[in-house]
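So the structure is just underneath, and the comments pick up after that.
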């Protein structure tokens, strides 16, 4: 026997409609990926690892191993990234005060400026979203808020 639907909760949408909405959301998010703008603004070339490394160091120095874990890369690739960012003057690498075999990586003043620029670019909503009427943004905010709740 079917249970009656609660008056406050409408029935779920058809699976095809949910798939269509998911496709539209994915196309929108991927179509407004700030990666190219970040690379251009920061002059870091291809690959997201350099930006991830800079942003990962925003909260303070990390060992090379901790940085590798933070950016999801192996130690050798992380070392290449650190070498490139150090050559650009964006970070420094020093022996760890407690264990001289380890290296600590931290942002320079120029690196902190680059991180602020990156964070500004990442946090800025794409113009099609900014240009929506306030009522549409409020509706979208409510819907996405419901999706984020357990």
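The values are calculated or read from the model by the stated rules, or taken from the named source; none is laboratory data. Here the structure is a predicted model, which means the values were calculated and not measured. For neighbour counting, all protein chains shown are included, and Cβ atoms are generated from backbone atoms with ideal geometry for every residue, glycine included.
Here is how the numbers come out for the structure above:
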{"item": "Checklist (1) surrounded by 17 or more Cβ atoms within 10 Å (Cβ to Cβ); (2) assigned to a loop (DSSP other than H, G, I, E, B); (3) more than 19 Å from the chain's Cα centre (by Cα) applied to residue 97, failing item", "result": "(1)"}
{"item": "Selection from the stretch 95-145 of residues that are within 15 Å of residue 64 (Cβ to Cβ) and in contact (Cβ under 8 Å) with a residue 12 or more places away in the chain", "result": "96, 102, 103, 104, 105, 106, 107"}
{"item": "Pick from the stretch 78-94, criterion touching a residue at least 24 places away in the same chain (Cβ under 8 Å) and not in a strand (DSSP E or B), ranking: nearest to residue 58 (Cα to Cα)", "result": "90"}
{"item": "Residue within the stretch 106-127 that is over 28 Å from residue 31 (Cα atoms), assigned to a loop (DSSP other than H, G, I, E, B) and at pLDDT below 95 present", "result": "no"}
{"item": "Qualifying residue in the stretch 109-126 (condition: farther than 28 Å from residue 53 by Cα, surrounded by 12 or more Cβ atoms within 10 Å (Cβ to Cβ) and out of contact with any helix residue (DSSP H, G or I) (no Cβ under 9 Å at 6 or more places or on another chain))", "result": "no"}
{"item": "Meets criteria (under 30 Å from residue 28 (Cα atoms), in contact with a strand residue (DSSP E or B) (Cβ under 7 Å, 6 or more places away or on another chain) and buried (at least 16 other Cβ atoms within 10 Å of the Cβ)) for residue 91", "result": "no"}
{"item": "Output for the stretch 58-77, where each listed residue is surrounded by fewer than 16 Cβ atoms within 10 Å (Cβ to Cβ), touching a residue at least 40 places away in the same chain (Cβ under 8 Å) and assigned to a loop (DSSP other than H, G, I, E, B)", "result": "60"}
{"item": "All positions within the stretch 48-67 that are touching a strand residue (DSSP E or B) at 6+ places or on another chain (Cβ under 9 Å) and under 25 Å from residue 36 (Cβ atoms)", "result": "53, 54, 56, 57, 58, 67"}
